[in-house]
Amino acid sequence: MDAFTTPLLAGTATGALLLIAALGLALTFGQMGVINMAHGEFLMAGAYTTYLTQQVVTNTDLSIIVALPAAFLVAGALGLLLEVAIIQWMYRRPLDTLLVTVGVSLLLQQLAKDVFGAQGDPVHTPGWLDGNIDVFGYHWPYRQMFTILLAVGALAALGALLKQTSYGRRIRATVQNRDLAETVGVSTRVVDRVTFFVGSGLAGVGGVAVSLISGTNPNLGTTYIISAFLVVVAGGLGQLQGTVIAAFAVGIVTAFLTDWFNSSMAQVLTFALVVIFLQIRPQGLFTVRTRGLA
Amino acid sequence: MKNLLQTGQRWGRTWGPLLGIVVVAIALLVVAPAVLSPFRLNNLGKYVCWAIAGVGIGLAWGRGGMLVMGQGVFFGLGGYAMAMHLKLEAAMATGGPDAVPDFMVLYGDGTMPGWWEPFRSGTFTLFAVLVLPAIAATILGFAIFKRRVKGAYFAILTQALAVAFATLLVATIKQTGGFNGLNQFTQFFGYNLYDPVNKKMIYSIAAVLLVVCLVVVWQLYRSRFGELLVATRDAEERVRFLGHDPANIKLVAFVVAAVMASIGGAMFAPITGIVSPSDVDATASIFLIAGVALGGRSLLLGPALGALAVGFGRTFLSESFPDQWTYFLGLLFIVVILFFPSGLGSAWSQLSARLRPKETVR
């Protein structure tokens, strides 16, 4: 039983982490066609925000609570800055945004190295997350459950934003048909910025969860960005449900493969599985049908 | 008179690129060996290897529209194939025909995996450098292009491949040397690697290979295939409606680019004396793209000259400001892609097109 529950539960937690990281990506990719390679660095920004919060709010039980909104704002602000400074000039060349954001990602990584040091800093786990629960012989850490709760919370919040608010309606309108949305008076410029802010902010929240599991690290972003992108690719564009299923699938499959072989073999096999999956469904799990030829 | 001018223009369009290639060839093969110190010449050789891979990227990305973000993998296939042979050559020179590489004794039990065995033969190695990446690229490209996976999806898949490849190399220390990679070669097909004359010869081989790749790509650009490739980049569906299969067109460009990257990698091993995962991972792949973007992705000479420039800049900046190189690389991407999307090679025509009064359409 242990051989089954361990990878399943640990994989679900990894999947939750991937989900938080991929939600923002799927949002910006689906709406604007922008591929933000610096998204991983927003995750890193969230992790460092957690670390800094602990320096200010020394009560670790409390600091995580403070860190969550702080990380959201810091990463969101970074995303907004990126959109205003660079991305907004490039909406006509979506593939090129990929390369520009690669440059941004390199800059941010080196900046983190210079400011915080190459070694990374530890983040203390608050007392109420320090512990585990015994599930069929696997000592499931509270931290992993926290990650899952965080992902579900983020998903619910994003879902509420998209379905219940007027901004959400404008976002959905822009995703479905940008020109028509503009015609009926939606300022797609503003909508793009809001989406970028929210998507990047979500990465910051993910960074809080990452920092609890592995501390901070200047290269933290690169660890997650590729898996998060594979999730987006496998999940399909424009639909959050595909991202959700793909995130947990990738997380759990990778955990099982790691258990059976080793972590590097698991990475290679997960990649192969995604390529094979794209043979069956080239557009990902779910996709919005359009009549366009593209 | 006008007729003569037109003939001249046509002649220039046809043979001008060749003139450019000849200038590059003279600069690399005659001027550089004469004026550069052996150390600098060896460095130039390293940039030439990147440039060879860059020429392939120019073909796939500039003309084919496929942003290949994992060329490090093919660079690595060639590099590791060559490095395995050099490693065995070094071992056999001291330990007899059955000797195994030193790191296998150090980290493993001194037995060599069976797939190393054929690399004792130099002929097989050269064959593998050309054929291994071709097979890998064909399988991957076929799977991706036939299902019409393209654009950002394609770019991300290739980068994921580079990440997976590097991870695999790091994890297999007993078979591939792991994080340290393969190094400490002593000879190159029988020639002593410590002899400066031989070093110069190896540099010249790399430079000749770069010129050959440029000629191949020049001919491809002139051919019907080149036209089709650009057509596929600009309007894939129209090409399909005209009765061509874009997947096959892209596949050819992707495979040629992979083989060129592999050739670059194969020369990289004897020139630098080391091939390690950090030479072939995602970051290295992105670095290869930087040169192509700088020089001009869809030009003939742009990718090669850009790669040489970025290689030189990397050495220069690493020597002067060791930690600042990454900032420059990051800024390079942002500035070049934002302001000169078609590279510095096209900067002049881009500027003059902007300054010229707009033609009115009647």
Q: Please state which one of A:256, A:229, A:261, A:271 is of a type in the set (Phe, Trp, Tyr) and away from chain B (no Cβ under 14 Å).
A: A:256
Q.
I'd like to know if region B:223-235 contains one or more residues that are among the aromatic types (Phe, Trp, Tyr) and surrounded by fewer than 20 Cβ atoms within 10 Å (Cβ to Cβ).
A. yes
Q) Of all residues in region B:135-158, which are open to solvent by less than 10 Å² (accessible area, probe 1.4 Å) and among the polar types (S, T, N, Q)? A) B:158
**Q.** Extreme residue, surrounded by the fewest Cβ atoms within 10 Å (Cβ to Cβ), among residues of region B:164-197 that are closer than 30 Å to residue B:34 by Cβ and among the aromatic types (Phe, Trp, Tyr)
**A.** B:194
Q: Would you confirm whether any residue within region A:148-155 is without any contact (Cβ under 8 Å) to a residue 60 or more places away in the chain and within 15 Å of residue A:201 (Cβ to Cβ)?
A: yes
Q) Is it true that residue B:176 is of a type in the set (Ser, Thr, Tyr), under 19 Å from residue B:103 (Cα atoms), more than 7 Å from chain A (Cβ to nearest Cβ) and free of Cβ contacts under 8 Å to residues at least 60 places away in the same chain? A) no
Q: Taking only region B:182-204 into account, find how many residues are among the β-branched types (Val, Ile, Thr) and either touching a strand residue (DSSP E or B) at 6+ places or on another chain (Cβ under 7 Å) or outside any helix (DSSP H, G or I) (or both).
A: 2
Q.
Being touching a helix residue (DSSP H, G or I) at 6+ places or on another chain (Cβ under 6 Å) and among the basic types (Lys, Arg) is the filter here; which residues of region B:56-112 pass it?
A. B:63
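Here's the yes/no breakdown for (1) touching a residue at least 12 places away in the same chain (Cβ under 8 Å); (2) open to solvent by 20 Å² or more (accessible area, probe 1.4 Å); (3) in contact with a Gly (Cβ under 9 Å, 6 or more places away or on another chain):
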| position | (1), (2), (3) |
| --- | --- |
| B:276 | yes, no, yes |
| B:280 | yes, no, yes |
| B:295 | yes, no, yes |
| B:307 | yes, no, yes |
| B:311 | yes, no, yes |
| B:321 | no, yes, no |
| B:331 | no, yes, yes |
| B:348 | no, yes, no |
Q.
Of everything in region B:290-313, what is within 12 Å of another protein chain (Cβ to nearest Cβ) and either over 19 Å from residue A:102 (Cβ atoms) or part of a loop (DSSP other than H, G, I, E, B) (or both)? Give them in sequence order.
A. B:297
(Q) Considering only region A:163-174, I want to know if a residue exists there that is more than 14 Å from chain B (Cβ to nearest Cβ) and touching a residue at least 40 places away in the same chain (Cβ under 8 Å). (A) yes
**Q.** Among residues of region A:39-57, those that are touching a Gly at 6+ places or on another chain (Cβ under 8 Å) and of a type in the set (A, V, I, L, M), counted
**A.** 4
Q: Select from region B:96-113 the residues that are open to solvent by 60 Å² or more (accessible area, probe 1.4 Å), part of a helix (DSSP H, G or I) and of a type outside the set (A, V, I, L, M) and list them in ascending order.
A: B:102, B:107
Q. When the residues of region A:10-47 are filtered to those that are open to solvent by 10 Å² or more (accessible area, probe 1.4 Å) and in contact with an Asp or Glu (Cβ under 9 Å, 6 or more places away or on another chain), which remaining residue is nearest to residue A:142 (Cα to Cα)?
A. A:10
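For (1) at pLDDT below 95; (2) of a type outside the set (S, T, N, Q), each residue gets a yes or a no:
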| residue | (1), (2) |
| --- | --- |
| B:2 | yes, yes |
| B:13 | yes, yes |
| B:29 | yes, yes |
| B:52 | no, yes |
| B:55 | no, yes |
| B:74 | no, yes |
| B:90 | yes, yes |
| B:94 | yes, no |
Q) Considering region A:115-139 alone, what residues qualify as being open to solvent by 80 Å² or more (accessible area, probe 1.4 Å) and within 14 Å of another protein chain (Cβ to nearest Cβ)? A) A:115
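So that you can scan it fast, the table gives a plain yes or no per residue for (1) more than 14 Å from chain A (Cβ to nearest Cβ); (2) closer than 23 Å to residue B:250 by Cβ; (3) in a helix (DSSP H, G or I):
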site	(1), (2), (3)
B:94	yes, no, yes
B:128	yes, no, yes
B:131	yes, yes, yes
B:136	no, yes, yes
B:155	no, yes, yes
B:163	no, yes, yes
B:166	no, no, yes
Q: Identify, from the list B:287, B:268, B:321, B:316, the residue that is within 11 Å of chain A (Cβ to nearest Cβ) and over 20 Å from residue B:21 (Cβ atoms).
A: B:287
Q) residue B:65 passes all but one of (1) more than 14 Å from chain A (Cβ to nearest Cβ); (2) more than 25 Å from residue B:167 (Cα to Cα); which number fails? A) (1)
Q: From A:244, A:205, A:232, A:253, grab the single residue that is of a type in the set (Val, Ile, Thr), open to solvent by 10 Å² or more (accessible area, probe 1.4 Å) and over 30 Å from residue A:61 (Cα atoms).
A: A:253
Q: Sort out which residues of region A:80-113 are more than 20 Å from residue A:229 (Cα to Cα), β-branched (Val, Ile, Thr) and more than 7 Å from chain B (Cβ to nearest Cβ), and write them in order of number.
A: A:84
Q) Does region A:171-183 hold any residues that are in contact with a helix residue (DSSP H, G or I) (Cβ under 8 Å, 6 or more places away or on another chain) and surrounded by fewer than 20 Cβ atoms within 10 Å (Cβ to Cβ), and which are they? A) A:172, A:173, A:178, A:180, A:182
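The values are calculated or read from the model by the stated rules, or taken from the named source; none is laboratory data. Predicted, not measured: the structure shown is a model, and the values here were computed from it. Neighbour counts are summed over all protein chains in view; Cβ atoms, including those assigned to glycine, are modelled from backbone coordinates with ideal geometry. The area values use the complete protein model at the heavy-atom level, side chains included, leaving out ligands, DNA and RNA. Shrake-Rupley method; radii C 1.70, N 1.55, O 1.52, S 1.80 Å.
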